[in-house]
Amino acid sequence: MYTLGYQLVLKTLSIGLLVDNLTVSMMIVVNFVSLMVHIYTIGYMHKDPGYHRFFCYISLFTFAMLSLVMSNNFLQLFFGWEAVGVMSYLLIGFWYTKESAIKANFKAFIINRIGDMFLILGIALLFSIFGTLDYEYIFNNAESITSNTVVLSSSFEISSLTLACLLLFGGAMGKSAQMPLHVWLPDSMEGPTPISALIHAATMVTAGVFMLARMSPLFELSTSALSFVLIIGSITAISTGLLGLVQYDIKRVIAYSTLSQLGYMVVAAGVSAYSASLFHLMTHAFFKALLFLAAGSVIVALHHEQDIRKMGGLRSKLPITYITSLIGSLALIGFPGFSGFFSKDALIEAVSHSSVYASDFAYYCVLIGVLITSLYTFRLFFLVFHGPLKDENINVKEPQLSILIPLILLAIPSMFIGWPTIGPLVFDDFFANSIIQPSSNDIFGYQFTDSYHFLTHSLSGPVVYIAIFGILVSYLLYVIKKDIPEKLSQTFNPFYKVLINKYYFDHLYENIFARLFNNLSNSLWNNGDIKIIDNFIVNGTAHRVGRFSSRVRELQSGYIYHYALMMVLGLALFLAWVVFKSLGLVI
Amino acid sequence: MLTLQSYLSLAAIIFAIGIIGIVINRKNIIIVMMCTELLLISVNFNFIAFSYFNQDIAGQIFVFFILTVAAAEAAIGLAILVALYRNKKSIDVQELRTLRN
């Protein structure tokens, strides 16, 4: 709305704020969750020596996130993008004396750099085509460059719009932790729980999804980029969910769930249902922040114990946490009536109706994903709150009010936010001024009348039943017959091993990429820095001068007669020169 | 009849003896001083020879100055020598090489 510009060489760079309906919905989510987390932190961190530092960081994070969503050009977007990355780095390593935390924030930083490299390449490509970074100009003129191509090699050229979209999506893959770049998010749980809720569930990791929606005018022009988005999203949705089934750290289970749900949002963007993607982003922000904060409440109550094998039967000791967790879990799996139900169902509806390349694959992925979601969610829920109470947890009691109030305040939108908002946000034209997408009939193949009708319509589909089936299965596995999971993991041992090792992604990265780069940089350091620059150029020069001087020094023998001889010889030479010069024999 | 050439040749021979004496002397610093005197004497020889053959008295006057300077120089040189001997207990040229390197 407000723009301040100045001339830079021949191109105009301007900064400004853009507040449209897309930004507003993001601002509501960011500010609300941020407020809840601020309140929660008062209780959660009050004994921590870094109490004040923590508030500085999360406030700065909120600023960075707001400047990301309110930007009206790519430069500001990139600034906000990097700033949230920095705050995420600082907060993951908040307990900087813990080695695992330092490793985790280093990992998050490096993997985000890989994504950001793609993002800045995409921005540079758009800048070189349009000569400006303003959203408005680029989006209005995107159609004029659909026939432009970029020559990558003599035999291979690619539509420049597709390339730009793929590069921008590469940035989103880093920030939103999509499949090959997802490894940093589970490790980021080394940070304090409030930031897991704020940054690594509700806001920062959804920046990639927000960007996809913001760039919809570009993505809509490139079906191949959309298919790529769809495939990456569906692989992420299903494969990271499976990992959540074998984890025993309460926060890591929720982190894998976050990855899987981010995959859902990306899938929705891939089938052009940006509004459904954003709607899921919003509901997910509420119920996932709720789940994280509830997990934090359990962790505080058990004096910083995170292993779910040491929990169990806590429902009588932590009644408020129990009820709010139940609400969050039901919302997460999409139980009818809860907020997650509306968003996930609209999303799956869009995938099933889509005709984009690979949309069938994506449909089966998200359907199986629903089952997996309800399995790991209620596995966690039953293991923590049901079953026998452990002896060491007899004296557990609910934490203080500042922790419980945010749980209750987040439980309310997790339950009810779907009812009033699904109509305007997903099916009506609330986002019409900020997102370009086909009409809701084309996306969903469904005529929306009211929320209740949507609910009954969904009951005729498979999604709800799959989710409820998942609850029953996990009740069977983790409450009634508790020895079955053990037997299953032994029967399917190879598969279980793959899951426990997280598909060997960490091994792959450590042993191939990290080792390769370590060797490369070591050899550059040894050969380039030490051998050539230090030893040859810097020290080598000094050494050679020294050696030359020590030779020359030998001339100074200290014997008077040597000096005298030199004087005589010099004189003789000089005289000879004078004589020969006067004869004209030398110059 | 003695010519100018014979005088100059004698002076050159004395000069050469002086220089060789300085350069190949490996032993005594007094010999160095004596050789310096030889150099001065050869120069004086030239002055006197030219003055006689050119009928110019200025050369002979100049010789007196040189003799005075040579005497003063010998006195100072010997004084330095005594001081050196007191400090070093030696006047050996080979050992006096603190200027080395």
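When A:Leu347, A:Leu330 are checked against the criterion of being surrounded by 17 or more Cβ atoms within 10 Å (Cβ to Cβ), in the same structural domain as A:Thr449 (by TED's automatic domain parsing) and without any contact (Cβ under 8 Å) to a residue 24 or more places away in the chain, A:Leu330 stands alone in meeting it.
The number of residues in the range A:554-567 being within 19 Å of B:Cys35 (Cα to Cα) and open to solvent by less than 50 Å² (accessible area, probe 1.4 Å) comes to 3.
Within the range A:393-406, the set of residues being under 25 Å from A:Ser474 (Cβ atoms) and not in a loop (DSSP other than H, G, I, E, B) comprises A:Asn393 only. The residues of the range A:551-562 that are under 15 Å from B:Val32 (Cα atoms) and more than 8 Å from chain B (Cβ to nearest Cβ) amount to a single one, A:His562.
Among residues of the range A:128-150 that are outside the structural domain of A:Leu221 (by TED's automatic domain parsing), none has a beta-carbon under 7 Å from a residue that is at pLDDT below 90 and in a loop (DSSP other than H, G, I, E, B) at least six positions away or on a different chain. Highlighted here are the helices (runs of 4 or more DSSP H) found entirely within the range B:1-99 that include at least 1 residues which are without any contact (Cβ under 8 Å) to a residue 24 or more places away in the chain, basic (Lys, Arg) and more than 30 Å from A:Arg553 (Cβ to Cβ): B:58-88. How do the pairs read when you match residues in the range A:285-299 that are in contact (Cβ under 8 Å) with a residue 24 or more places away in the chain with residues anywhere that are of a type in the set (D, E, K, R) and part of a helix (DSSP H, G or I), using Cβ under 6 Å and keeping only pairs 6 or more apart or on different chains? Between residues of the range A:285-299 that are in contact (Cβ under 8 Å) with a residue 24 or more places away in the chain and residues that are of a type in the set (D, E, K, R) and part of a helix (DSSP H, G or I), the close pairs are A:Ala295/A:Lys251.
Each residue in the range A:399-417 was checked for being within 24 Å of A:Lys47 (Cβ to Cβ) and either open to solvent by less than 20 Å² (accessible area, probe 1.4 Å) or at pLDDT below 85 (or both), and 6 pass.
The helices (runs of 4 or more DSSP H) falling completely within the range A:153-248 that include 2 or more residues that are open to solvent by less than 20 Å² (accessible area, probe 1.4 Å), closer than 23 Å to A:Tyr57 by Cβ and in the same structural domain as A:Phe287 (by TED's automatic domain parsing) map to A:160-175, A:184-187, A:193-197, A:207-214.
Residues that are within 28 Å of A:Gly312 (Cβ to Cβ), open to solvent by less than 90 Å² (accessible area, probe 1.4 Å) and assigned by TED's automatic domain parsing to the domain that holds A:Leu380: find the helices (runs of 4 or more DSSP H) completely inside the range A:479-553 holding 1 or more of those. Show your work before the answer.
On the way: elements: A:484-491, A:493-500, A:505-508, A:515-523, A:539-553.
So the answer is A:484-491, A:493-500.
Applying the set (1) open to solvent by less than 50 Å² (accessible area, probe 1.4 Å); (2) assigned to a loop (DSSP other than H, G, I, E, B) to A:Tyr96 leaves exactly one unmet item: (1).
Flag: A:Val578 matches the condition of being open to solvent by less than 70 Å² (accessible area, probe 1.4 Å) and without any contact (Cβ under 8 Å) to a residue 60 or more places away in the chain.
Out of curiosity, is A:Ser374 crowded, with 24+ Cβ neighbours inside 10 Å, more than 25 Å from the chain's Cα centre (by Cα) and hydroxyl-bearing (Ser, Thr, Tyr)?
Working: crowded, with 24+ Cβ neighbours inside 10 Å: yes; more than 25 Å from the chain's Cα centre (by Cα): no; hydroxyl-bearing (Ser, Thr, Tyr): yes.
For A:Ser374, the condition - crowded, with 24+ Cβ neighbours inside 10 Å, more than 25 Å from the chain's Cα centre (by Cα) and hydroxyl-bearing (Ser, Thr, Tyr) - is not met.
Within the range A:468-482, identify whether any single residue is at pLDDT 85 or above and touching a Ser or Thr at 6+ places or on another chain (Cβ under 6 Å), and answer yes or no. Yes, there is a match, as at least one residue in the range A:468-482 is at pLDDT 85 or above and touching a Ser or Thr at 6+ places or on another chain (Cβ under 6 Å). With respect to the conditions (1) within 14 Å of chain B (Cβ to nearest Cβ); (2) out of contact with any helix residue (DSSP H, G or I) (no Cβ under 9 Å at 6 or more places or on another chain), A:Phe574 falls short on a single one, namely (1). The set of residues in the range B:65-101 being open to solvent by 100 Å² or more (accessible area, probe 1.4 Å), under 17 Å from B:Cys35 (Cα atoms) and within 14 Å of chain A (Cβ to nearest Cβ) consists of B:Ile80 alone.
Given B:Leu4, B:Leu39, which one is within 13 Å of chain A (Cβ to nearest Cβ) and either under 16 Å from A:Leu571 (Cβ atoms) or loosely packed, with under 15 Cβ neighbours inside 10 Å (or both)?
Working: B:Leu4 fails: within 13 Å of chain A (Cβ to nearest Cβ).
So the residue among B:Leu4, B:Leu39 that is within 13 Å of chain A (Cβ to nearest Cβ) and either under 16 Å from A:Leu571 (Cβ atoms) or loosely packed, with under 15 Cβ neighbours inside 10 Å (or both) is B:Leu39.
Here is a yes/no grid of residues against (1) in a helix (DSSP H, G or I); (2) open to solvent by less than 20 Å² (accessible area, probe 1.4 Å):
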residue	(1), (2)
A:Leu90	yes, no
A:Ala101	yes, yes
A:Asn112	yes, yes
A:Met117	yes, no
A:Val151	no, no
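The values are calculated or read from the model by the stated rules, or taken from the named source; none is laboratory data. Just so we're clear, the structure is a prediction, and the values are computed from it rather than from any experiment. We place every Cβ from the backbone using ideal geometry, glycine too, and count neighbours over all the protein chains shown. We work out accessible area using only protein heavy atoms, side chains counted, and drop any ligands, DNA or RNA first. Shrake-Rupley method; radii C 1.70, N 1.55, O 1.52, S 1.80 Å.
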